[in-house]
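Input: a single structure, listed below in structure tokens.
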Amino acid sequence: MKSSADDAKRQARLFQLKRYGTGLAFMLPWIVGFCLFVAIPIGWSIFMSFNQVKVVPGGFKYDWQGFRNFRDAFLKDNVFPIELITYFQEMLLMVPIIVIFALLIALMLNQRFPGRFLYRALFFLPVIFATGQVLSELFVQGAGDIPFLDQYNLEPLVTQYVGGEFAKTVMGVLGRVVLILWYSGVQILIFIAGFQTISPTIYEAVRIDGASPWDSFWKITLPACVPFISLNVLYTIIDLFTFPLNPVLKHIKDNMFKVETGYGYSSALAWIYFGFVFVLIALVLWLFDRSMKTRRVRS
């Protein structure tokens, strides 16, 4: 009896090892790629952020600095903290504008009308073409500017209503309003996919009960799209914080090639920037998770 029980346990362990081994075998290419192209560069970047890195014949020279690079980013660098705070303020305005714009366009594109697939493709095309160097060149040529901002001199009007400190941020957002169209293609598709998860019978039932389309949107569509709203908010935050014309990223790249700062200081700036973005993403996830739990308790 005891030997049969031991054999059964041994067979169960062998079966589990076989299952895990099969899974690891399928994951092995990803694990190797992650270690070579992600884990090692990240570890090297962290190491460089605590050093002063100099390019010497035959390689790099590392001088241990501890947390000095991180302190200098806020105590000696007069550009990085200002650009970081300013860009965060702009993103706090841009993210809801892009998500709301994508939600409204998705509502229209979700309706049944002739040629709607062409309009969906039209809103997604900028995502394909306006990326990386193409987007940078378009902005250099003035494609992202809004002429009426200078034509009607709106800056004094904005300063009057929102104050001088916040007016620069608002004007910066208005100057990038073209991004609302260029950076909303993926969000629109996600919202359309979210609308497809709502059963049409629910709308038929509330229509029979006398609910208007306005009531259906607030009581059915919007609550059902909360997970997709959170997904789009996270996607938009990450997308805009890796934007090619991001002034913070530009400042980090510029310090990389300076002799007095170099790779070590720019790595420290990059990790500080990552920390701010990570905290913002964690805060967004916490807020949406709390709202979802509140909805479950009420229901």
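None of the figures in this text is laboratory data; all of them are computed from the coordinates on show. Only a predicted model underlies this, so the values are computations on that prediction, with no experimental measurement involved. Counting neighbours? That spans all protein chains shown, and the Cβs are built from the backbone with ideal geometry, glycine included.
Annotations for the structure displayed:
- Trypsin sites (Lys or Arg not before Pro) lying in DSSP loop within region 42-114, provided at most 13 other Cβ fall within 10 Å: K76, R112
- Amide H to amide H, with H built 1.01 Å from N, Y183 comes under 5 Å of no residue 5 or more places away or on another chain.
- Loop-located trypsin sites (Lys or Arg not before Pro) in region 193-299, at most 13 other Cβ atoms within 10 Å (DSSP): K258
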